[in-house]
1. When you check Ser415 against the structure, is it within 23 Å of Pro115 (Cβ to Cβ), open to solvent by 30 Å² or more (accessible area, probe 1.4 Å) and not hydrophobic (A, V, I, L, M, F, W, C), yes or no?
2. Of the conditions (1) of a type outside the set (Lys, Arg); (2) without any contact (Cβ under 8 Å) to a residue 40 or more places away in the chain; (3) surrounded by fewer than 20 Cβ atoms within 10 Å (Cβ to Cβ), Gly401 satisfies every one except a single condition; which number is it?
3. Looking at segment 82-100, I want the residues that are under 15 Å from Cys59 (Cβ atoms) and have a partner that is basic (Lys, Arg) and open to solvent by less than 20 Å² (accessible area, probe 1.4 Å) with Cβ atoms under 6 Å, at least 6 apart or on another chain. Which pairs are those?
4. What residue, of Arg196, Arg221, is part of a loop (DSSP other than H, G, I, E, B) and of a type in the set (Lys, Arg)?
5. Report, ordered by the first and then the second residue, all pairs with beta carbons closer than 9 Å, sequence separation of six or more or different chains, a first member in segment 159-174 that is closer than 16 Å to Asn481 by Cβ, and a second member that is β-branched (Val, Ile, Thr) and open to solvent by 50 Å² or more (accessible area, probe 1.4 Å).
6. Looking at Asn178, Asn144, Asn116 in this structure, which one is closer than 17 Å to Ala355 by Cβ, at pLDDT 95 or above and not in a loop (DSSP other than H, G, I, E, B)?
7. When Asp474 is evaluated against the numbered criteria (1) part of a helix (DSSP H, G or I); (2) within 28 Å of Val109 (Cβ to Cβ); (3) open to solvent by 30 Å² or more (accessible area, probe 1.4 Å), which criterion, by number, is the only one it fails?
8. Inside segment 162-183, can you point out the residues that are surrounded by fewer than 22 Cβ atoms within 10 Å (Cβ to Cβ), under 24 Å from Leu464 (Cβ atoms) and small (Gly, Ala, Ser)?
Amino acid sequence: MKHSRRQFLRDSACGLTAAAMLSSLERLGLVNAMVQQQIDVAADYKALVCVFLSGGSDCNNMIIPFDNYTDPTGGSTSGYSNVRANSGLAVPLSALSGMKITPANSSGVAFALHPNLSPEVANSGQGPGLLGPWNQGRLAVLCNYGPLLQPTTKAQYQSNVGGVFRPYQLFSHSDQVNQQMTSICNRTGQTGWGGRVSDATTGLNGATILPMSISVAGTNRYQTGVTSRQLAIGTGTLASVLNLNWSGPSSANPFTSGSSYRQLLGFDTDAVLIKSVSDTTNQALSADQILNQPDPTLTATFPSTGLGNQLRQVAKLIKIKDTLGMKRQIFFCSLGGFDTHTNETSADPTVPNGAGGQGNLLTQFSQAARAFYDEMVAQGNSNSVTLFTLSDFGRTFQPSGSGAGTVGTDHAWGSHAFIVGGAVHGGTFYGTYPTLALTGPDDDGGGRGRWIPTTSIEQYAATLATWYGLAAPDLATVFPNLSKFAVQNLGFI
């Protein structure tokens with residue numbers, strides 16, 4: 001039976017209203033086809049893997065002073081143990097000896113990772129964490145980064161002359177998540193910086209059957225672009241990613257080459273909308289054919305945790321990148337629960353899954369991230385894949401409450417981030433580690449230890465994007481506030 005153009009649009013739209021169809025044109029690739037600049041397809045492969053630590057992780061218990069654990073003259077307001085020990089929030093010095101790290105640029109001053117960032121050190125039989133990549137020079141720490149409108153001192157923040165020193169809605173979860181994901185700090189951003197990078201670099205992939213941006217943690221603002229689209233998938237087998245089905249007559253089965261449905265996709269391709277629908281359908285069918293195979297075999301053993309399953313799925317997709325024809329990919333993962341107003345730690349923070357809210361989550365993060373790093377090494381993709389963290393914000397240096405099983409922290413501002421991969425210049429701190437004093441130079445003036453960032457989210461993101469392949473002329477478009485900062489590439493990769 002001959003299908004009219006009207007019937008084809010009706011069937012392909014699957015009941016979408018006219019308004020929904022219009023809003024979906026971008027996702028069908030129409031806008032992309034019209035405005036995408038022509039750039040050469042990349043000869044190499046690179047991927048960015050974002051792990052969002054949702055809720056705002058307490059950076060002050062992730063990277064801890066070791067040599068300067070106590071400030072002899074700090075009283076109760078300056079120094080790590082001075083401020084945190086009495087409440088039970090401080091990680092005991094005795095638990096840090098095996099986690100000691102000495103950054104290459106710290107003039108020999110030692111710090112320590114939280115014990116559960118490498119739980120195998122204190123607990124034999126536990127899966128390894130991130131101390132190994134640090135010692136190999138493949139893990140870097142970005143200290144005290146966050147949303148900034150421009151470089152900001154304590155005095156400027158407090159006076160806020162002209163309203164140009166305070167990011168929009170500081171300390172609010174939803175607004176600070178938005179700023180981490182969009183890098184837009186003076187309003188609610190509508191597109192993510194990962195999405196805008198995808199917009200500007202889509203040509204590096206050439207024609208592919210999957211979009212550049214893939215999330216294994218649901219749709220998100222970080223990967224939302226103007227012309228590019230994101231694909232949200234689950235963590236099951238790759239064969240279940242698309243889960244396409246056909247319930248019509250066998251003669252029209254779209255999975256059969258030469259079927260009437262397949263022939264129909266070649267009709268009326270001079271009409272832009274119909275061609276866009278046909279192209280999207282063909283891409284889906286091609287992707288289903290490639291993905292509907294046994295999962296590739298991985299070398300590393302991933303933990304059976306939420307984040308472990310997410311990173312395992314990312315590792316599988318990277319392993320078949322050549323079959324998929326991918327040259328550039330941006331992935332998004334998430335680990336929630338870091339909003340630790342209470343129950344942040346425990347009496348023994350070295351217990352991998354009995355260390356309080358943050359401690360347990362750091363076990364999950366470190367073991368999953370290490371398995372992913374080891375898998376990339378085994379695949380020969382370590383130099384091409386970079387995993388990095390974002391989080392809503394840091395948390396107050398001053399404890400909230402007391403008692404090891406009860407104490408927590410509140411919303412703050414600047415935080416630390418981890419970057420791991422074969423291309424990372426690791427074993428080093430980037431940015432500036434804050435002065436741990438409640439009324440010190442890095443405190444916002446509230447006296448609770450809310451650090452004013454010394455490095456902006458735009459500097460952090462622009463450094464990753466430049467390595468990924470974003471051209472220098474596109475930096476100002478993707479990161480419109482970057483010019484306010486003298487250093488635009490932090491050099492950690």
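1. no
2. Failing condition for Gly401: (2).
3. Here the result reads Ala90/Arg84, each pair linking segment 82-100 to a residue that is basic (Lys, Arg) and open to solvent by less than 20 Å² (accessible area, probe 1.4 Å).
4. Step by step, each of Arg196, Arg221 is checked, and only Arg221 is part of a loop (DSSP other than H, G, I, E, B) and of a type in the set (Lys, Arg).
5. The qualifying pairs are Phe165/Thr153; Tyr168/Thr188.
6. Asn116
7. Here Asp474 clears every test but (2).
8. Ser174
The values are calculated or read from the model by the stated rules, or taken from the named source; none is laboratory data. If you're wondering where the values come from, they're calculated on a predicted model, not measured in any experiment. Ideal geometry is used to build each Cβ from the backbone, glycine not excepted, and the neighbour counts take in all protein chains shown. Side chains are part of the model used for accessible areas, which takes the heavy atoms of the whole protein and leaves out ligands, DNA and RNA. Shrake-Rupley method; radii C 1.70, N 1.55, O 1.52, S 1.80 Å.
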